[in-house]
Amino acid sequence: MIDLRSDTVTKPSEAMRKVMATAVVGDDVLGEDPTVNQLQDKIASILGKDAGLFVPSGTMANQVAIKTHIQPGDEIIIDQNAHIFYYECGAAAVVSGGQFHCVRGDEGILSAEIIGPAIRPPDIHQPTTRLICLENSHNRGGGSIYTVENLAGIYQLAAEHDIRVHLDGARLFNAAFAAKTTVAELSRQTDSVCVAFSKGLGAPAGSVLCGSWEFIEKAIRFRKMLGGGMRQVGILAAACIYALDNNVERLEVDHQNAKRLAYGLTEMDGIKIDPEHVVTNIVIFDVGATPLDADTFAERLASMGVLLIPFGPTTLRAVTHLDVTTADIDLALEITQEFLKNL
Ligand SMILES: *Cc1c(COP(=O)(O)O)cnc(C)c1O
């Protein structure tokens with residue numbers, strides 16, 4: 001099976017399991033897990049923030065951030081396809097009483113020009129715009145990325161209106177490679193940022209939310225409230241530290257593999273894709289010109305050994321990751337070609 005459904009399917013390597021088995025641990029709710037503390041300090045320093053907070057998932061990182069930033073009734077400006085809006089079960093409404101103000105990004109990517117008109121004026125009838133949520137790289141946008149200049153423009157606009165900026169950086173390391181910059185540069189113009197270790201970095205679980213000392217101090221309470229206070233969780237943090245030390249540089253290989261896949265698909269009848277827009281590890285393509293809808297396409301291709309995720313009525317997503325080699329990509333292309341020929 002060549003599993004291209006998501007970079008979440010990666011499994012911890014032998015070496016990663018070894019550091020997990022020997023991790024020094026303590027009670028993290030008491031702040032006493034040295035490995036968790038080490039991870040939090042390490043990633044906060046890499047991102048250029050004061051402090052970090054280890055949480056079980058990217059969803060919890062985002063929701064703790066939102067709860068720390070807003071009051072019930074406040075409005076959150078967000079792209080209509082953002083993970084926080086699209087894939088988190090309406091959590092911001094339940095957990096924080098937040099109201100979304102959706103705007104349409106360019107492949108999910110917002111800008112000061114797009115956000116500006118959505119900011120509420122000071123009017124007692126209208127909700128208060130309190131937060132802007134960005135996603136980099138953008139999952140449903142096909143792995144699209146922000147430029148540092150764009151982020152700076154958004155942050156300046158937000159500051160002018162006393163609005164906070166949260167960055168969902170589940171795949172921020174991918175974004176940094178593609179933008180030829182650092183994750184610190186991409187995090188500078190934000191009030192909070194989270195990164196995931198369970199995606200392309202290959203750890204079994206965990207995200208870290210970073211921000212100012214004051215922000216993290218508040219966020220710890222909300223993590224506890226949501227049930228995210230874990231105990232000897234240095235076992236997981238050790239895997240995340242291992243991922244930072246060993247699996248960041250190789251993300252570039254995933255990007256090359258994604259490009260290779262995209263260009264290969266370009267040549268196939270019935271498939272529509274613009275390979276120039278594939279800049280990270282996500283490949284979204286359209287099968288509308290074949291006789292199959294996305295669900296059937298995925299189901300039938302799975303029976304031939306290639307796993308993809310249907311992303312819309314006629315679109316599918318493939319994600320490259322550390323458990324997929326370049327040879328796997330070539331084989332996946334061969335199988336897909338064969339599959340299309342026999343339709
Ligand atoms: C996967 C993902 C999340 C959520 O992470 P989980 O660990 O699955 O909760 C958040 N944002 C983006 C952009 C993601 O891709």
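The values are calculated or read from the model by the stated rules, or taken from the named source; none is laboratory data. In this text the structure is predicted, and so the values were computed from the model without any measurement. Quick reminder, even Gly has a Cβ in these numbers, built from the backbone with ideal geometry, and neighbours come from all protein chains shown. Each accessible area value is taken on the protein alone, full model and side chains, heavy atoms only, with ligands, DNA and RNA left out. Shrake-Rupley method; radii C 1.70, N 1.55, O 1.52, S 1.80 Å.
Look at the stretch 180-209 and say how many of its residues are open to solvent by 30 Å² or more (accessible area, probe 1.4 Å), in contact with a helix residue (DSSP H, G or I) (Cβ under 9 Å, 6 or more places away or on another chain) and under 13 Å from L251 (Cα atoms).
1
Given (1) assigned to a strand (DSSP E or B); (2) over 24 Å from N136 (Cα atoms); (3) not acidic (D, E), where does A15 come up short, assuming only one miss?
Among (1) assigned to a strand (DSSP E or B); (2) over 24 Å from N136 (Cα atoms); (3) not acidic (D, E), the lone unmet condition for A15 is (1).
Just a yes or no: is a residue in the stretch 299-309 in contact with a helix residue (DSSP H, G or I) (Cβ under 9 Å, 6 or more places away or on another chain) and among the acidic types (D, E)?
No; the residues of the stretch 299-309 include none that is in contact with a helix residue (DSSP H, G or I) (Cβ under 9 Å, 6 or more places away or on another chain) and among the acidic types (D, E).
Out of curiosity, is T147 within 17 Å of the chain's Cα centre (by Cα) and away from the ligand (no atom under 16 Å from the Cβ)?
yes
Would you check if L131 is more than 10 Å from the ligand (Cβ to nearest atom), in contact (Cβ under 8 Å) with a residue 24 or more places away in the chain and buried (at least 24 other Cβ atoms within 10 Å of the Cβ)?
Yes; evaluated as a whole, the condition is true for this residue.
Just one of (1) farther than 16 Å from F197 by Cβ; (2) assigned to a loop (DSSP other than H, G, I, E, B); (3) within 16 Å of the ligand (Cβ to nearest atom); (4) open to solvent by less than 50 Å² (accessible area, probe 1.4 Å) trips up R5, so point out which.
Answer for R5: the failing condition is (4).
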